[in-house]
Amino acid sequence: MIKAISTSIMAQKKKPVSRLRKIPTEVSAWWRKRRAWQQIVLVTLAIIVLFFVTLYAASVWYRLKHQNEPLNYGVTFSEPYARSFDLDPQETLQAMIDDLDIRHYRLMSYWSDIEKQQGTYDFSSLDWQFDMVEQSDGTVSLAIGLRQPRWPECHLPSWAKEQDIDELYPELEDVMTAVVNRYKDRPSLKSYQLENEYFLEVFGRCPDHTRERLVKEFDLVKRLDPDTPIIVSLSNNYLGLPLGDPRPDQFGVSVYKRVYDATITKRYFEYPFTSWYYGGRAGLSELFTGKDSMLHELQAEPWAPIPIKKASIEEQNKSMDAKRLAERIDYGEATGFRDIYLWGGEWWYWRKVKFNDPSLWNTVKTKLGEN
């Protein structure tokens, strides 16, 4: 009797094990019954789910890894862009330093400004910008190369616009060498940003996007100044791992949320990317390359169907107003990046002094004062 009960108990214990062994067979049979299109849909859904789970996990890892590092807010400043708003550039930059208390700046070394006459360099504009930032104990991330922020992206001197890039490269190399040698010992210099969004071929008027030139420029700057980090920015909002050469010291990421689509819909478009999407990209980039990322261009001005200066206030507010600006700064912080440079300081000041509208300026002042 005891033996029979024991045998029965053992049989019951084996049933779950047997059931588990049957699951792969049953799943295989179920899968074979699916039609080809159903299998394709299921595999696609599985890949999508796995992708987003991986991306979210990478974003959590990235935030946790960098959460105790200081949060640094900066701003991009372009003297020609300030002048395009009929502003005094020195007054504009000084206001950002004194009133907004911003200490980190991305400055430009436009070839078109430095070598207006072939063979003659003029650094007077960039010199006073460095001087002003240093007087406030600030830092500079210096854009170098042919492609730098603000339209038309590639800032060729007028005398060089008809020449082929291969013919121009020795002269570009000369002006880059002069820029690096002039500013590499400046105490405010924190980093170089080499060739802004270099591979973004669909935007800007640029003659060349070959990786070979970018690598040559990277190697040149490293030879001239091996101690200052070099940032290379990714080309757009979409996914991609920066696995090719050159391998910079840090990656730069642009974040634009609301823009006017002039090609297809002819209306304003809001990119659906969440903040953790960008954190996930940064996390994956760091896991694969060992290099950190920074937000070198956070949209904080309108993207309108016409130049901002020609757009009405109502049109400007469709893509950026004080409320959206506050939300955008919160969004930037939520990505997990610890170095965040805002894009649009000249515009905030223009609205303040030319239209008696300090709402944007005060929003930045308040939000940055909270950090």
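For this structure, a couple of remarks:
- None of 288, 251, 273 is within 20 Å of the chain's Cα centre (by Cα) and closer than 18 Å to residue 196 by Cα except 251.
- Restricting the range 57-89 to residues that are under 21 Å from residue 371 (Cα atoms) and basic (Lys, Arg), the residue that is surrounded by the most Cβ atoms within 10 Å (Cβ to Cβ): 63
- Any hit, the range 51-61, residues being more than 26 Å from the chain's Cα centre (by Cα) and either aliphatic (A, V, I, L, M) or not in a helix (DSSP H, G or I) (or both): no
- The requirement of being at pLDDT 95 or above and within 23 Å of the chain's Cα centre (by Cα) is satisfied by residue 322.
- Residue 214 without any contact (Cβ under 8 Å) to a residue 60 or more places away in the chain and closer than 30 Å to residue 306 by Cβ: no
- Of all residues in the range 87-98, none satisfies the criterion of being within 26 Å of the chain's Cα centre (by Cα) and in a loop (DSSP other than H, G, I, E, B).
- The single residue among 346, 333 that is acidic (Asp, Glu) and surrounded by 24 or more Cβ atoms within 10 Å (Cβ to Cβ) turns out to be 346.
- In the set (1) within 20 Å of residue 248 (Cα to Cα); (2) surrounded by 22 or more Cβ atoms within 10 Å (Cβ to Cβ), the condition left unmet by residue 155 is number (1).
- Filtered by the rule that a residue be part of a loop (DSSP other than H, G, I, E, B), modelled with pLDDT of 95 or more and either within 25 Å of the chain's Cα centre (by Cα) or closer than 19 Å to residue 255 by Cβ (or both), the range 342-371 gives a lone residue, 344.
The values are calculated or read from the model by the stated rules, or taken from the named source; none is laboratory data. These numbers come from a predicted model, not from an experiment. Cβ coordinates were reconstructed from backbone atoms using ideal geometry, including for glycine residues, and neighbour counts include every protein chain displayed.
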